[in-house]
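Data block below; observations after.
What follows is calculated from the coordinates using simple rules that are stated; it is not laboratory data. Keep in mind that what you see is a predicted model, and the values were worked out from it rather than measured. Every residue, glycine as well, gets a Cβ built from its backbone with ideal geometry; the counts of neighbours run over all protein chains shown.
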Amino acid sequence: MRIIKDTNINFIGKRKIALTISVILIVIGIVSLIIKGPNYGVDFTGGTSLQLQFEKPVNVGEIRTILSAIGLGNSEIKEFATGNELLIRLQQQDTMEDVSEKVLGELTNQLTDNKFELRSKETVGPRIGSELRRDAIKAILISLVLILLYISWRFEFKFAVGAVVALFHDVLITLGIFSLFDLEISLAVVAAFLTIIGYSLNDTIVVFDRIRENLKVMRREEYINIFNRSINQTLSRTLLTSLTTFVVIIILFFFGGEVIHIFSFALVIGIIVGTYSSIFIASPVVVEWYLRSEFKKGKSGASR
Amino acid sequence: MERQSRSLLYRLILIAGLFLLASWQLYPSFNLSRLIQKQEVNFSRAQAIANVRIKDIKDALLEGNLESTILKALKDSSDDKDAREIAKKIVELDDKISKNEKRAIKRGLDLQGGTFLVYEVDFVHYLSNPNVAKNPDTQLQQLLEEIDYEAKHQDLDFFDVLQPKFEEKGVPLTRYFGKKGESDRKIISNLRDESENAIDRALQVLRNRIDQFGVSEPSITKQGSRRIVVELAGILDVNRAKSVIGKTAQLEFKLLRDAEYTRSILMRIDQVVKQRRYGTLDSTALAEVMAPDTTKKDSSEIEEKVRDEKEVDLDELFGSTPETEDMGEGDTSLSVDKEMFEENPFLAMLGNVGNMIAAPKQNMKAIDIILNYPETKEIIPDESEFLWASKPERYGDKDWYRLYFVKKTAEITGDYIEDANVNIAGEASSSSMTGAGAAEVLLELNSRGAKDFARITGANVGKYLAIVLDNKVSSAPQIRERIPNGRSSITGMRDINEAKDLVVVLRAGALPARLESIEERTVGPSLGRDSIQKGQYSALIGLLIVIIFMVIYYKLSGLVADLALVLNIVFVMAILAAAHATLTLPGVAGIILTIGMAVDANVLIFERTREEIRSGKTIRVAIDSGYGRAFTTILDANVTTLLTALVLYQFGTGPIQGFAVTLSIGIIASMFTAIVVTRFVFDFVTNRWEVKKLSI
């Protein structure tokens, strides 16, 4: 079976359109990040989050009233799809005393007819939060630098820049979507971001590899044609792998449970954006570079 | 041809060998669930025979006295031959289970339920303790706090900040640390060693405590220069565990200052508060209060007198200062003596319980703030300090805490404890187990401690001796006579469990420094079970879909890729088991992601082979160049993914590292299965039969 027959789509020719779309998406994301800011989870802000499972469905308003009575009215309460599970996020307290005990005690006293079980609890000190945030950014930057070095070594610097631009693009768009939909950024989501980086890169490298090969074989061709040809040749593989990966992630998204939900959502977005960027962002950046350096050399320097 | 078949044979041996090795590694993991099921059956049989709760059986198993527990429960009422037999069976199976467990894939805390705690050693507390610093005073305390703040907020090493800070403030290090004339460098390096040592001791103390607490396979590790990570699997009562772990358990016996002296200090503090309120110091008022007090010397009278109380808002006392805002919402009101508040704002916040000074709970924070005023600190002599009681007492409609004024240096410390035991006072009323003061902890000092104790009690008959645990006074009995045998007791436990926990920490010894809890992650057992179930479920569906898809798309070749995929998962699990790595929920996600990505290598190879076939090459050559050309692509693509996984590992804690590990193992294993294993199958088939058309 072959879904993709010998295609000859002019991907590179559409780079301006693609660029426009990407820039719009990124700008929307950045605006949202500036206005709303990223919705950091307790991992990064510090504080306590409690996941409770009740015997019967609960009323969020009722919980809020109970929390307000003990001066914790500004806590964030989120209901899970199942209806009898709740996530309560308590702000960082100045005092060292354990507020979660107070909350649990109060809930037990007030909701006598609806017992609950503590499913999970996370308490992160404020300093740890900022430390983790710094570590996360550091991790993403370090991996980008490593990638830049590796691709420069295996390919050329131009390719490395193309790949890293595409990765920035992926992370920015995913981050923007997270901010836009108010999704919580936890440690697991950062792990998802790094996975997206790895995945998107995987895709990009496959295309680059073909370009590298074709540059040797098709010496007389125009750059645009070589790049287009390479993308088309690897298109069926790109789509196939993206499809299989996408399928398993979608399954994880739907059946993996609450804990892994946002993590797999980040991956879903990342795979779509990553596949798109390896075709429409990474290669065009390299092509553009080739064309410009050629222009500078006055067309004669078609040498690589 | 000869060489070709020999190479095939070698490859077959390699693959089959690895597969056998993997199966051998995985066997305990599979076996384990079967054994655990069998054990459950044994448990319920034991329950039926001896009428013991399963929880008790498990506890007895941990403590190693199962047989006696079961026999005791029987009370000779039924056949003890059965009981002996089932006890023996359970113990044997338990042995087998723990042997298998050692070789099985370990489940992370998020999958089996448990708690992950991070503590930071409080260097300020450690370095200002008289065992480490010479004559520590408030100036040292302040300096250390500043250093700590800077180190934490700028992510610097505490000791790197220490020396420059002292220099900046013009305080020679030798005033507090090291010997006279010692160089700063030497002192700092000694302090560093000492604190390193202290953390190692703290680890040991924690290990002892947790061992006594009976948690299976706890993990206690040092992280960085001043952190300790404690991981407890499958624990139910996290709060109790936390109170046992986090307690410094520094036991000290301190002499109380006499009442007259205490009163004079309190009155001077009162003037400070008044001055702050009105802005001026009323000297006549001061003279008045400094004079011997005649109006209310009989303290017992005050106790009986009903306090005429009123509630005032904090702002009324402090004005709107940053301090009041720090105190958060909720309780901002104080309970004060109505008559006294205008004239003696501080004393009005206090009252008497028995013959001791005390304050209602709601006033404690305000009083702490007042006691920390710089002016107040000047009034309180360096060798004395105020300490709160550990427990409240109920008078009227309020909980009162006593406030003790004690000599700062301890007469005796907990280092001299020989043994500690729980005693239930007043056994007569059995239902009073939960009543206050029902349980006490009996202390026995070693010979040196007993000698000191005898000397001190002998020299201070009539005075009060406060028993201080972690800077909270648990009681302050009057010394009636010399106590020669080194026996004393701590009273005021809430219940028997608290007394038991205290015994655990006292026996294990005090922590050399206070630990501050900075991170806690707890997963309940039910969530862990759900996560495993859902993870397995998703993995199976995902695997099935990918397998079917590959067969549809690549026909028989797809089947070969599927074989590689399944083998890949077997290898990943086997490597996890062999490395005794911990499988976390993100780790499961990593495996699932690998399922999707593992076929990538085969997709690359097959697409390439198809291209070669289309360009008219023979099957053999097409396969050859398909593999050959796809190889560099696969390598480059996988190396970059490995790079990010490596960074992920470096950056992450527990669960995320688990993800990085499974992802990396998955990538490496997939390179082997997708390239070596599938290639073998293709070579084997084309070598055996004359293949005209490749099913691809």
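Stretched out straight at 0.36 nm per residue, the stretch from B:LYS96 to B:ALA579 would grow longer than its current Cα-Cα span by 171.9 nm. In sequence order, the stretch B:334-350 has phi-based couplings of 10, 9, 10, 6, 4, 5, 8, 4, 5, 7, 10, x, 6, 4, 5, 7, 9 Hz under the Karplus curve 6.51 cos²θ - 1.76 cosθ + 1.60, θ = phi - 60°, and Gly or Pro positions carry x. The distance separating the Cα centre of the stretch B:338-356 from that of the stretch B:529-574 comes to 75 Å. Give, as a single signed number, the net charge of other residues whose beta carbon lies under 13 Å from the beta carbon of B:THR618, with Lys and Arg counted +1 and Asp and Glu -1. Result for the neighbourhood of B:THR618: +2. Here the contact order of the stretch A:66-152, divided by its residue count and restricted to Cα pairs under 8 Å and six or more residues apart, works out to 17 percent.
Going by neighbour counts of Cβ atoms within 10 Å, the residues B:THR413, A:THR112, B:THR594 line up, fewest first, as A:THR112, B:THR413, B:THR594. As a length-normalised measure over Cα pairs under 8 Å and 6 or more apart, the relative contact order of chain B settles at 16 percent.
Modelled spin labels at B:GLN163 and B:GLU418, positioned 7 Å past Cα toward Cβ, are 4.6 nm from each other. Distance between the 7 Å Cα→Cβ label points at A:ASN114 and B:THR632: 6.4 nm. Given H placed on each backbone N at 1.01 Å, which residues far from A:ILE185 in sequence or on other chains put an amide H within less than 5 Å of it? For A:ILE185, the qualifying residues are A:ASN39, A:TYR40, A:GLY41. The trypsin sites (Lys or Arg not before Pro) of the stretch A:177-263 meeting both criteria, a DSSP state outside H, G, I, E and B (loop) and at most 16 other C-beta atoms within 10 angstrom of the site's C-beta, are A:ARG219, A:ARG220. Applied to the stretch A:193-208, the Karplus parametrisation 6.51 cos²θ - 1.76 cosθ + 1.60 on θ = phi - 60° returns per-residue 3J(HN,Hα) values of 4, 5, 5, 4, 4, x, 5, 4, 5, 3, 4, 4, 4, 4, 5, 4 Hz, with x for Gly and Pro.
In sequence order, the stretch B:101-117 has phi-based couplings of 4, 5, 9, 8, 5, 7, 8, x, 4, 6, 9, 10, x, x, 9, 10, 10 Hz under the Karplus curve 6.51 cos²θ - 1.76 cosθ + 1.60, θ = phi - 60°, and Gly or Pro positions carry x. Under a 5 Å amide H cut-off, with hydrogens placed 1.01 Å from N, B:ASN460 pairs with nothing among residues at least 5 apart or on other chains. The value of relative contact order for the stretch B:114-246, using C-alpha pairs under 8 Å at least six residues apart, is 32 percent.
When the C-alpha to C-alpha distance is required to be over 28 Å, the pairs from A:LYS5/B:LYS693; B:LYS134/B:LYS186; B:LYS72/B:LYS391; B:LYS58/B:LYS106; A:LYS102/B:LYS534; A:LYS78/B:LYS391 that qualify are B:LYS72/B:LYS391; A:LYS102/B:LYS534; A:LYS78/B:LYS391. Cα axis of helix B:184-213 to longest principal axis of chain B: angle in degrees, 0 to 90, nearest 10? Helix B:184-213 and the main axis of chain B meet at about 80 degrees. Net charge in the neighbourhood of B:GLY524 (other residues with Cβ under 9 Å of its Cβ; Lys, Arg +1, Asp, Glu -1) is +1.
For the pair the stretch B:114-167 / the stretch B:623-687, the C-alpha centres are spaced 47 Å from each other. Rank A:PHE80, B:LEU191, B:TYR126 by how far each Cα sits towards the positive end of the charge dipole of the protein assembly as shown (+1 on Lys, Arg Cβ; -1 on Asp, Glu Cβ) and give me just the farthest. In the protein assembly as shown, that residue is A:PHE80. May I ask for the angle, rounded to the nearest 10°, between helix B:619-651 and the longest principal axis of chain B, with both axes built from Cα atoms and the value confined to 0 to 90°? The answer is roughly 0 degrees. This model, with +1 at the C-beta of Lys and Arg and -1 at the C-beta of Asp and Glu, gives the stretch A:47-124 a dipole about its Cα centre of some 160 debye. Loop-resident trypsin sites (Lys or Arg not before Pro) (DSSP state other than H, G, I, E or B) in the stretch B:597-695 with no more than 14 further Cβ atoms inside 10 Å of their Cβ: B:LYS692, B:LYS693.
Amide H to amide H distances under 5 Å link B:PHE341 with no residue, where only residues 5 or more positions off or on other chains count and H is placed in the peptide plane.
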